[in-house]
Amino acid sequence: MSEEQQEKHGEFEREPVPESKTRGLKAFVGMYAGEHCAGTELMIGPLFVAAGVSAFDVVVGLFVGNLLAVLSWMFLCAPIAVRARMTLYYQLEKICGRNLVTLYNLANGVMFCFLAGSMITVSATAVGVWFDFPMPKLTDIYPNSVGWVLAVLAVGGLITFVAAWGYDMVSKVANIAAPWMVLVFLGFGIIGMRQFIEVTGTEVNSLSSMWALCKESIFTGGEPLEGQVKFTFWHVTFFAWFANMAMHVGMSDLSVLRFAKKSWHGVASASGMYVGHFMAWIAAAILYSLQLHLDPSNTDVLPGPLAYRAAGVAGLVCVIIAGWTTANPTIYRAGLAFQAIMPKKSRFAVTIGTGLLATLAGMFPGVAMKLLGFVALYGLILMPMGAVVFTDFWIFPKLGLKQYYAEHRKLGFNLAAGVAWIATLLICVALVKSGNPIFQLYFVALPGWFIASALYIGISKLTQKEA
Amino acid sequence: MKKIMEIISYLSLVLIVLSPILFYSSKIDLDMNKLLMTIATVTWFASALCWMGHEKKAE
């Protein structure tokens with residue numbers, strides 16, 4: 001196919017991106033900044049406070065964790081992306097075979113549905129500001145009122161139909177909203193700081209007095225709230241590092257960075273990390289901490305009311321748009337993953353089905369209220385395939401093993417990759433269940449990556465030798 | 001016209017940040033801050049829709 005035809009049929013999905021279609025650093029800076037300033041940031045920041053983080057843990061932990069995430073994009077994902085210039089799915093198909101990729105797509109699609117569900121939950125909390133119905137509590141897992149179910153159904157239904165009919169329109173709104181949304185998040189932080197100064201009567205006239213306010217009133221540390229895991233410096237660092245594990249270590253962003261001119265353009269991810277996963281998380285955390293300071297019994301993590309109290313209608317619009325514009329591409333991506341499994345179904349039908357599944361997930365506040373654990377689990381499930389891609393690309397040639405083995409042997413299911421994926425997950429689950437604190441869900445993906453790589457190499461040696 | 005809309009958009013973004021800063025320095029109260037942020041939000045979306053996204057087509 002010509003380049004023009006390739007673009008029409010899905011942007012070089014089954015062949016490397018030609019040099020002429022690569023883009024400079026600037027294109028990725030804006031994309032990452034917009035993508036990582038999402039509705040879920042309004043949940044994650046408050047959940048850090050609920051997890052009892054201290055000021056040092058949250059500020060330094062986020063700085064270090066986000067740096068590690070950027071380095072993972074730069075040195076794990078981008079170098080393969082600019083050399084192979086293929087989508088993750090195409091590369092996985094060559095390594096793993098079509099049947100295994102189908103399983104991967106299923107796992108990916110389900111995780112995307114839950115993620116989109118939590119974004120719908122965030123947007124629905126804004127509806128609760130206008131209509132007086134009981135909203136979910138921090139400890140709620142199941143829907144707690146008819147009003148809540150109807151609010152999620154209305155928001156989720158709307159998002160679903162727009163995702164199926166007007167994806168381009170939402171994409172345009174998302175682009176327009178991105179710079180405004182980043183500044184509203186910044187505003188949340190500034191407003192929250194001022195309100196803290198007022199309610200504590202603290203005088204802040206230097207950086208050191210501001211730090212003292214942070215330590216003594218905003219991020220006080222101590223015990224987590226009921227049902228939450230205690231977060232230390234290491235939890236924050238690893239959480240920030242692995243929050244987008246599926247994208248960098250898990251190699252999802254091969255599909256994005258294959259358009260980069262140079263591998264160091266992976267540094268563009270810093271815009272998303274330090275705007276969305278540093279500034280926005282801290283700003284949202286300040287608002288929640290203020291709520292707890294004013295009424296310690298009010299532990300509800302509800303982005304809608306939080307934003308409304310700080311910035312009025314602008315805050316509410318920010319919550320709705322942040323949830324909507326990020327739930328939309330997530331539903332779309334989940335739909336793509338499911339459509340790969342059911343190619344005969346229309347895009348429209350698959351997107352509607354996917355959106356309704358996400359809406360159903362959004363009705364269960366347990367997903368959003370346990371978002372820290374869910375995000376860690378999401379990365380963990382997709383990570384082993386990233387280790388397989390990395391090992392296949394860099395280590396296999398050095399060991400004399402055949403790269404892209406499924407393509408080479410025309411296999412539908414590469415046993416080595418399949419076992420590496422499933423066995424790694426089982427081992428990681430066993431490690432988490434062991435109760436050893438160094439193998440908590442937030443940390444276990446690190447040894448998991450080495451386990452997946454070792455299994456893939458070991459089993460490939462056996463299977464390729466037999467062949 | 002497009003240029004004017006662009007300038008209005010950027011000014012509304014300035015207002016989105018300026019308003020919390022004014023609140024921080026006790027120059028305005030919280031209600032005024034909310035009002036200014038809402039005005040800036042409406043202005044941003046109304047004006048940005050007129051020019052954002054059209055540049056790519058021009059390229």
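Each reported figure results from applying straightforward, stated rules to the coordinates on display, with no laboratory input. Just so it is clear, the model here is predicted, and its values are computed rather than measured. Reconstructed Cβ throughout: ideal geometry from the backbone, glycine too, with neighbour counts over all protein chains shown.
Observations on the structure shown:
- Some residue of region A:349-357 being hydroxyl-bearing (Ser, Thr, Tyr) and either within 14 Å of chain B (Cβ to nearest Cβ) or without any contact (Cβ under 8 Å) to a residue 12 or more places away in the chain (or both): no
- A:Val152 vs. criteria touching a Gly at 6+ places or on another chain (Cβ under 6 Å), touching a residue at least 60 places away in the same chain (Cβ under 8 Å) and part of a helix (DSSP H, G or I): yes
- The requirement of being closer than 28 Å to A:Lys215 by Cα and within 14 Å of another protein chain (Cβ to nearest Cβ) is satisfied by A:Val319.
- Condition check for A:Ala164: of a type outside the set (Ser, Thr, Tyr), farther than 16 Å from A:Ala322 by Cβ, more than 10 Å from chain B (Cβ to nearest Cβ) and part of a helix (DSSP H, G or I): yes
- Taken over region B:23-46, residues that are over 15 Å from the mean Cα position of the chain (by Cα), assigned to a helix (DSSP H, G or I) and surrounded by fewer than 18 Cβ atoms within 10 Å (Cβ to Cβ) amount to 3.
- Residue check for A:Thr391: more than 14 Å from chain B (Cβ to nearest Cβ), under 28 Å from A:Val444 (Cβ atoms), among the hydroxyl-bearing types (Ser, Thr, Tyr) and in a helix (DSSP H, G or I): yes
- The one condition in (1) more than 27 Å from A:Glu35 (Cβ to Cβ); (2) within 14 Å of chain B (Cβ to nearest Cβ); (3) buried (at least 16 other Cβ atoms within 10 Å of the Cβ) that A:Val199 fails to fulfil: (3)
- Considering region B:1-56, and only residues there that are touching a Ser or Thr at 6+ places or on another chain (Cβ under 9 Å) and closer than 18 Å to A:Phe196 by Cβ, the residue that is nearest to the other protein chains (Cβ to nearest Cβ) turns out to be B:Lys34.
- Test set (1) assigned to a helix (DSSP H, G or I); (2) out of contact with any Pro (no Cβ under 8 Å at 6 or more places or on another chain); (3) more than 21 Å from A:Leu372 (Cα to Cα); (4) not hydroxyl-bearing (Ser, Thr, Tyr) - A:Val429 fails condition number: (3)
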